[in-house]
């Protein structure tokens, strides 16, 4: 397969180290629904799951059975995310690599596809100084989340390119499985939420230990 016409990047754990802010906001949201933030629960911060699934793991109840409590959890999380304590930043090699890609391959479309809401994702991308590098920042608003391929298909549709043959970079099983389901080249990064050993079990097309390796993948 030749060079892709579209590169799609997950956000948290792939482009930016945001685990500290996610953890802080999760602790605040758990307190709002009277759940103790155990080590086991906080370990899930790095697994890339949705807030709704996190709620179910934290409470042991289906999200549909406690809609008001779920709303409190989700709203508190989002309200507490962008505070004076916000500390997310791009991984060291990300800005230079993206700048290289945009200059070297001007026809290549580059996008973000994340479980976050689009409005929150855009703020994170902007605050981390990455907004100039992307043709599209797309969150999972009213759409089935990864590992379902809908998000990747939506990105390709909005950019008017085929999703098949696109390249998807991500740090969890959700990203690799979504890429496979959408017919994308799957690139698993090992420095984010999932370890190299965990990622290997998913049989991605490529495994990279640093975002800068994207340069070699595009040659």
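No value in this document is a laboratory result; all are computed from the given coordinates. Quantities reported herein were computed from a predicted structural model and do not represent experimental measurements. Neighbour counts are summed over all protein chains in view; Cβ atoms, including those assigned to glycine, are modelled from backbone coordinates with ideal geometry.
Values for this structure:
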| quantity | calculated |
| --- | --- |
| Degrees separating the helix 173-182 axis from the principal Cα axis of the chain, which is the longest one | 50 degrees |
| Translational D in µm²/s for the range 19-81 (Stokes-Einstein at 37 °C, 0.692 mPa s, Kirkwood Rh from C-alpha pairs) | 289 µm²/s |
| Using alpha-carbon coordinates, inclination of helix 67-81 to the longest axis of the chain, degrees | 60 degrees |
| Inverse mean reciprocal Cα-Cα distance (Kirkwood Rh) of the range 48-165, Å | 16.2 Å |
| Per residue Cα convex hull volume in Å³ - calculated over the range 1-110 | 151 Å³ |
| Cα-based Rg / Dmax (Å) for the range 108-177 | 11.5, 31 |
| Normalised contact order of the range 1-126, rounded percent, pairs of Cα under 8 Å and 6 or more residues apart | 44 percent |
| Computed helical MRE - 222 nm, the chain, DSSP H runs ≥ 4 contributing -39500 (n - 2.57), nearest 500 | -12000 deg cm²/dmol |
| Estimated FRET transfer efficiency when R0 is 22 angstrom, pair residue 19-residue 158 (beta carbons, to 0.05) | 0.20 |
| Centre separation in Å (Cα based) which lies between the range 45-82 and the range 113-190 | 21 Å |
| Sequence-separation-based contact order of the chain, relative, with Cα cut under 8 Å and 6+ spacing, percent | 26 percent |
| Residue-span extension gain [residue 200 to residue 87] - 0.36 nm each, minus C-alpha spacing | 37.7 nm |
| 57, 116 arranged by Cβ crowding within 10 Å, fewest neighbours leading | 57, 116 |
| Added length on full extension, which subtracts the Cα-Cα distance from 0.36 nm per residue, residue 42 to residue 105 | 18.7 nm |
| Pairwise label distance in nanometres, residue 34 with residue 131, each label 7 Å out on the Cα-Cβ vector | 4.2 nm |
